[in-house]
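FYI, it's all coordinate maths here, none of it is from the lab. Worth saying up front: this structure is predicted, and the values here are computed from it rather than measured. Positions of Cβ are backbone-derived with ideal geometry, glycine not excepted, and every protein chain shown enters the neighbour counts.
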Amino acid sequence: MAGIKVHGSVFSTATQRVFASLYEKELEYELVPVDMKAGEHKKEAFLSLNPFGQVPVLEHGDQKLFESRAITQYIAQEFPDKGTQLACPGKPIAPLLVWKEVEALQFDPPSSKLNWELVYKSMFGMTTDPAAVEENEAKLAKVLDVYEARLSQSKYLACDSFTLVDLHHLPNINVLLGTPVKKLFDARPHVSAWAADITSRPAWAKVVALLKH
């Protein structure tokens, strides 16, 4: 079996999603660092792997995949007997499919925008836009209200097992919990308990450790 290569950056939340799935599956991989500050992801060599010029890219044998959520799904399906299942064994697949879309289409946009405004802008010497923060906090609050209701009935979002759905949230939640937006999580007991649970997983701790190197 050919090895797994991940082309990406440890500081990219999308790449972190892929690391988390590999660690959950207890798989070895080789990181091929992409220097995004130097614009490597927009150069010919990288564009041959992902024409959209975005990290990460996963290479596994003849397969070259981009889009982090597609990569995590590939990893889960390609290695079903390794590590964590990341699915709902013996349960209908419908909730997993629905909540995966919810993360991508409802949770990710406001949480990514908040992280950009509250954390990443200052790294680039830019100033935070308070109106954008306010607008996206309101959007995220509505999403978390839906999560609070869901998590009062189910330990995790798709079912009572930790799945790709929960994993996909980890990078953005990890950043948000270090900002004033943490209050939106703290105000919702089931959401708060869920966030504490998923961010304390050993596989996620390994991803966080990469950021400290």
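Structure summary
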| quantity | calculated |
| --- | --- |
| Per-bin percent of Cα-Cα distances, region 4-83 [5 Å] | 3, 17, 30, 26, 14, 7, 3, 1 |
| Prolate/oblate/rounded label for region 35-117 (Cα gyration tensor, a/c 1.5) | oblate |
| Rounded to the nearest 20 debye, dipole of region 28-93 from Cβ charges on Lys, Arg, Asp, Glu | 320 |
| Helical mean residue ellipticity (222 nm; -39500 (n - 2.57) per DSSP H run of 4+; nearest 500) of the chain | -14500 deg cm²/dmol |
| Total charge dipole magnitude, the chain, about the Cα centre, Cβ charges on Lys, Arg, Asp, Glu only, Debye to nearest 20 | 220 |
| Set of lysines near residue 25 by C-alpha distance (under 23 Å), chain-local residues within fewer than 8 positions excluded | 5, 64, 82, 91, 100, 155, 206, 212 |
| Length-normalised contact order of the chain in % [C-alpha pairs under 8 Å, at least 6 apart] | 23 |
| Alpha-carbon centroids, region 143-163 and region 4-62: separation in whole Å | 29 |
| Rg over Rh [alpha-carbon atoms, Kirkwood Rh] for region 163-202 | 0.94 |
| Extension gain from residue 43 to residue 132, taking 0.36 nm per residue of separation minus the Cα-Cα distance | 28.9 nm |
| At R0 = 25 Å, FRET efficiency that the Cβ-Cβ distance of residue 183 and residue 160 yields, to 0.05 | 0.35 |
| Whether region 125-213 is rounded, prolate or oblate, judged on the alpha carbon gyration tensor where a/c under 1.5 counts as rounded | oblate |
| Span from the region 76-105 Cα centroid across to the region 165-191 one, whole angstrom | 21 |
| Spherically averaged projected area in nm², based on the convex hull that wraps the Cα atoms of the chain | 12.1 |
| Residue 64-residue 205 pseudo-label distance in nm [points 7 Å out on the Cα-to-Cβ vector] | 3.8 |
| Antiparallel bridge percentage (DSSP; both residues within the chain; nearest 5) | 60 |
